[in-house]
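Taking it in order: structure first as structure tokens, then the write-up.
What follows is calculated from the coordinates using simple rules that are stated; it is not laboratory data. Because the structure is predicted, anything quoted here is derived from the model rather than measured. Neighbour counts run over all protein chains shown; Cβ positions are idealised from the backbone, glycine included.
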Amino acid sequence: MATVLRMVRMWPLLVVSGFILVGTAGTNADVDRADVPVALLCAVVVVAMIGVAMRHPAPALVACGAVLLVYHVAALADGPIFLGLPAVAFVAGGADARRRTVYALATGIALALAGLTLKAAVHDVSVAGSVWQALAMTGLAAAAFLVGGRVAARTQLRRERARRVAGEERLRLAGELHDSVGHGLAVIAVQAGVGLRLLDRDPDAARGALEAIREASTASLDALRAQISALTGDEAPRAPAPGLADLPALVTRVEEAGLDVDLSLPATEVDPATGVVVHAVVQEALTNVLRHADAARVRVDVGADDHRVLLVVADDGRGPVSPAPAAPGGGGMGLAGMRRRVEQAGGSLAAGAAPGGGFEVRAVLPRGEAT
């Protein structure tokens, strides 16, 4: 399939090649049929150099110029074969526009011009006509080389842009999976530990831990199913993106895992898109506390003024550790994902040791327009 598409994109060169072959044979047949085999052989070599130029542009340019030298010295009929050098130059410019190829282009043009000069000197042809042919061939070949390089550069730019967009989309999906499924797995791990400790001495409490595990696993499976459906294109129910209104439920799940959370929410509404980012940051921060901080208490403050939303998540744990480093841009996907989300929303995020001990995540986001 890829070969077919490549041939479809090359149809102009295929048309030019056919025109060179048929036209060269025809123009020489009108002058002297005995010249047709030699002329056709030269045309075949020139057309072959168009294909060779895709992988070996410099040799193809020199070889094409040499063939045109032979063609002119043999005083064969003028015709479409003159398009051969511009066609090879176009392909060569797209394949490799480095200095070596430019020198090869100059060499090919010089050989072709030498052929025209010798033709004018040895045979009874118009010098003025040869000069105009030389100027036309030089201009066409140079222009074709520049256009070929420009087309190749634009094609490469489109491919790089497509790869960048695909990479950003993969990164976004990975971040969403990490946020949703990672949080659920962290809650499950903590609740499983609680259930194991209480299984013998407090079966009712252990039952509650199992209930929390069931709820967290169901939510994580739903999130995973939604993400997979987005990748495969299959239809699947998607819950609305969580926002500030979903923070109390998030805090409840975390408290059921044994962590004491103080939640403070703004009295006024904020833009839903900002609320989604705040929820994601709080969820990831609380997940990190559950997994790494060895904390007993967490403070989650969400405040808003006329222009900004201020978020602080601070715990009383052991402070920065290797799984959640404070250095900007460092660490695992959790902290990096939080920073990326906040910056994409036009805000900023800082993370590090809290003033009173423990670890603190502080984010500032534009408030936006509430709906």
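Choose one of V298, T268, T287: the residue whose Cα lies farthest towards the positive end of the charge dipole of region 243-371 (beta-carbon charges +1 Lys, Arg; -1 Asp, Glu; about the Cα centre). Positive-end residue among those listed: T287.
Restriction of the trypsin sites (Lys or Arg not before Pro) in region 58-120 to DSSP coil positions whose beta-carbon has at most 15 other beta-carbons within 10 angstrom yields R98. Rounded to two decimals, the Cα radius of gyration of region 257-301 over 2.2 N^0.38 Å is 1.28.
Put simply, when 56-65, 341-350 are sorted by average Cβ atoms within 10 angstrom per residue, most first, you get 56-65, 341-350. Kindly provide the trypsin sites (Lys or Arg not before Pro) of region 8-97 that DSSP labels as loop, not H, G, I, E or B, and whose Cβ sees at most 12 other Cβ atoms within 10 Å. The qualifying sites are R55. According to the square roots a ≥ b ≥ c of the eigenvalues of the Cα gyration tensor, what is the shape class of region 243-371, taking rounded for a/c under 1.5, prolate for a/b larger than b/c otherwise, and oblate for the remainder? Oblate shape, in that a/c is at least 1.5 and b/c is the bigger or equal ratio. Of the GluC sites (Glu not before Pro) found in region 233-312, those that fall in a DSSP loop while having at most 11 other beta-carbon atoms within 10 Å are E235. Approximating the spin labels as points 7 Å out from Cα along Cα→Cβ, the R99-to-R150 distance works out to 2.4 nm.
Quick one: net charge of L61's neighbours, Cβ under 14 Å, K/R +1, D/E -1? That sum, taken over residues with Cβ under 14 Å, equals +3.
In terms of other Cβ atoms within 10 Å, Y71, Y103 run from fewest to most in the order Y103, Y71.
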